[in-house]
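Right, one structure below, let's go through it.
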Amino acid sequence: MALLPIITAPDPRLKLVASRVDAVDDGVRRLMDDMLETMYEAPGVGLAAPQVGVLKRVIVADVARSGEAPQPMLMANPEIIEASQERVMFEEGCLSLPEHFADVKRHERIRIRYLDRENEIREQDVEGFLATCVQHEIDHLDGVLFVDHISGLKRGMIMRKLTKLKKQDVKADA
Ligand code: NI
């Protein structure tokens, strides 16, 4: 397995729509495994392939708390097929927007369909923070970031700080 570099905002690659995979073959399995390792290392609770520069509909997540057994979820072509009317708010962060957090309201429960690591179609009901996490990661596959769900004022503030940080990094590299 290998650690993959994570793209941080602002970056046009985070705004693109990812393509479905034909099947979970060895290449996709390797991508899933590398993404999971990268996510644990970061550390984070979710990661989508566009965040590592791969425009495929692949996401990984694990919302187990420290001390709990790991509960990795590896999904290709994830889709939300049902969603509760009820919405719930959690504070979200993102490995592509380091150090920034904001409250986002999302469906409290969702039913998802996806291809698992063995290329089997699965349907699963998820709720609570895992439901939020999966919605956040599926958003990445459509070029949507969590800041796209918050006020323009707060989004502008976060993006300005990230842009400034990126310029400083470029200067430090030069
Ligand atoms: Ni994210």
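A few comments on the model shown:
- Ordering H136, H107 from the fewest to the most neighbouring beta carbons within 10 Å gives H107, H136.
- Placing a label point 7 Å from the Cα of M89 along the Cα-to-Cβ direction, the residues of segment 137-174 whose backbone N falls under 19 Å from that point are 146-158.
- Low-density loop cleavage sites - trypsin sites (Lys or Arg not before Pro) in segment 39-131, where at most 13 other Cβ are within 10 Å (DSSP): R65
- Inter-part distance, segment 119-143 to segment 27-81, computed on C-alpha centroids, equals 10 Å.
- Potential lengthening between Q168 and D116 on full extension [0.36 nm per residue; Cα-Cα distance subtracted]: 14.7 nm
- Of all the options E79, E123, E68, the one that moves most in a Gaussian network model of the chain with Cα springs shorter than 10 angstrom is E68.
- Normalised by the number of residues in segment 64-143, the mean separation of alpha-carbon contacts (under 8 Å, six or more apart) gives a relative contact order of 28 percent.
- Per residue, the average separation of C-alpha pairs within less than 8 Å and at least 6 apart gives the chain a relative contact order of 24 percent.
- Residues T38, T132, T8, T163, sorted so that the one with the fewest Cβ neighbours within 10 Å comes first: T163, T8, T38, T132
- Just so you know, the averaged projected area of the alpha carbon convex hull for the chain sits at 10.6 nm².
- Cβ charges +1 (Lys, Arg) and -1 (Asp, Glu), total dipole of the chain, debye: 940
- Residue order, fewest to most surrounding Cβ atoms within 10 angstrom, among I138, I150: I150, I138
- Charge dipole (the chain, unit charges on Cβ, about Cα centre) - positive-most of L115, V147, A131: V147
- Cross-link check: pairs K105/K154; K56/K105; K15/K171; K105/K167 evaluated at a Cα-Cα cut-off of 20 Å; pairs beyond the cut-off: K56/K105; K15/K171; K105/K167.
Every number in this text was worked out from the coordinates using simple rules, so none of it is lab data. The shown structure was predicted, so the numbers you read here are calculated from the model rather than taken from an experiment. Cβ coordinates were reconstructed from backbone atoms using ideal geometry, including for glycine residues, and neighbour counts include every protein chain displayed.
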